[in-house]
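Reading through the structure tokens given below for one structure.
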């Protein structure tokens, strides 16, 4: 397997893992230097290196990424024993064509006027690297493996920890 | 209810939520400015404002917190529709008495020589604030509620988002 295809496989696996998890924790740096995270629903599952979120332009996270665009997007899927860490830079900007493409009717619950909702914006996180932990096996060995990765951050023998660059 | 008792209730709820989740994502800032996270197992469930983790002194995360101690500890418990974000400062240091208190035999899988493992150290995260999202109800309304918090970071009507200061 070439390095190219290995990288493609890694990106494919990251896409699978974040599709399973869907909800992530988006970590930003506050103006006071504190690091804060909050649950967010990912809007695009086809992961080409960019992650998209709908948000309000006046929200704390949007103000924070305007000052410091470095963010982390973390997916924890304990059911599948999978964890993904995506390091990236976030940019906020409303792109009508992109918003139409990403929109789905369920979002009306949070943005009642749909694409016309005042203050609606998009956050794009461009991934610079991603790491993931998973345990492809089953039974106790897998749990043991995932727990090993969980406690130390070191790759367990029965699970795997990979770094993917974008 | 006084502010004092409200704060105590908030801390109690955070303790419950992180006990249920156990595994968290610890986010640090790399020397190159990238924000990185990795799954970690929490070693102490009685949460008094400090979170404890075992680690190797030569690990990337320990090197990172020596340079920049600001961290975030995020718990995602999708099964219970609960998310916790803890902002804090991390310090690394081996404290034999504390290590004995926190130690449990399962940790031998990662630290084979137990408390004598070369390079074994402790990371203490002192929480400066915590936020949590939960949906105390059930059925579809709750799911709707948790999803609302998830997408926008705003408190859903049926769920709750609280900030707790330490």
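No lab work stands behind these numbers, since they all come straight from the coordinates. All values derive from a computational prediction rather than experimental measurement. Don't worry about glycine lacking a Cβ; one is built from the backbone with ideal geometry, like all the others, and counts go over all protein chains shown.
Hey, for residue A:95 with labels 7 Å out along Cα-Cβ, what do the inter-copy distances come to in nm, ordered shortest first?
Label-point distances to the other copies, shortest first: 4.9 nm.
Could you work out how far apart the two model spin labels at residue A:57 and residue B:22 are, taking each label as a point 7 Å from the Cα in the direction of the beta carbon, and quote it in nm?
4.6
Largest first, please: the extent of the C-alpha atoms of region A:68-140 along each principal axis, to the nearest Å.
Result, largest extent first: 50, 29, 18 Å.
Taking the beta-carbon count within 10 Å as an exposure proxy, list B:100, B:131 from fewest neighbours to most.
Ranked by crowding around the Cβ, least crowded first: B:100, B:131.
Computed FRET efficiency, Cβ-Cβ of residue B:116 and residue A:116, R0 51 Å: what is it to the nearest 0.05?
0.20
Return the FRET efficiency for the residue pair residue A:100, residue B:102: r is the Cβ-Cβ distance, R0 is 51 Å, and the value is rounded to the nearest 0.05.
My answer for the efficiency is 0.45.
Taking only Cα atoms of region B:11-131, what ratio of Rg to Rh do you get with Rh as the Kirkwood inverse-distance radius?
Answer for region B:11-131: 0.95.
Sort B:81, B:12 so the one with the fewest other Cβ atoms within 10 Å of its own Cβ comes first.
By the 10 Å Cβ count, ascending: B:12, B:81.
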